1. Under the 0.36 nm per residue contour assumption, what length would be gained going from the current alpha-carbon distance of Ile70 and Ala30 to full extension?
2. Going by alpha carbons, how many degrees (0 to 90, nearest 10) lie between the helix axis of 21-31 and the longest principal axis of the chain?
3. With +1 on each Lys and Arg Cβ and -1 on each Asp and Glu Cβ, how big is the dipole of segment 2-86 about its Cα centre, in debye rounded to the nearest 20?
4. In the set (i) 36, 27, 23; (ii) 56, 29, 19; (iii) 41, 32, 18, which value of Cα extents along the principal axes in Å was calculated from the structure you see?
5. Nearest 10 degrees, 0 to 90: what angle lies between the long axis of helix 67-78 and the longest principal axis of the chain (Cα atoms)?
6. Which value in nm describes the separation of the simple spin-label points at Asp48 and Ala9, placed 7 Å from the Cα toward the beta carbon?
7. Once amide H atoms are built 1.01 Å from N in the peptide plane, which residues 5 or more positions from Val13, or in another chain, come under 5 Å H to H?
8. Considering only Ala68, Leu78, Ala30, whose Cα is most displaced toward the positive end of the charge dipole of the chain, charges sitting on Cβ of Lys, Arg (+1) and Asp, Glu (-1)?
Amino acid sequence: MQLAAGHEALITVEEGAVGGFGSHVAQLLADEGVFDRGLKYRSMVLPDIFIDQASPEAMYRVAGMEAAQIEAKVLAVLGVAVVGLRA
């Protein structure tokens, strides 16, 4: 709740599927009325596809959960086209 109160946006990233940690966070935030105050929230989870066993790096790439993709999600949620400049 402290993170939600002190930030414009909150993004959870997990190696699980829909219904996991991010869903629990969203439920808590909703129950506490945080979304009513304008918090932007997104949850990044593994996609519902088969991912061949490989190195963690390769599997994150397929899942769309590499650092660059997480950064892109953060910037999109904040409406930032370039770091330091709002869209």
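None of the figures in this text is laboratory data; all of them are computed from the coordinates on show. Just so it is clear, the model here is predicted, and its values are computed rather than measured. Reconstructed Cβ throughout: ideal geometry from the backbone, glycine too, with neighbour counts over all protein chains shown.
1. Fully extending the segment from Ile70 to Ala30 adds 12.1 nm.
2. Approximately 10 degrees, to the nearest ten.
3. It comes to approximately 340 debye.
4. It is the one labelled (iii).
5. Relative to the chain, helix 67-78 is tipped by roughly 30 degrees.
6. My value for the distance between the label points is 2.5 nm.
7. Met44
8. In the chain, that residue is Leu78.
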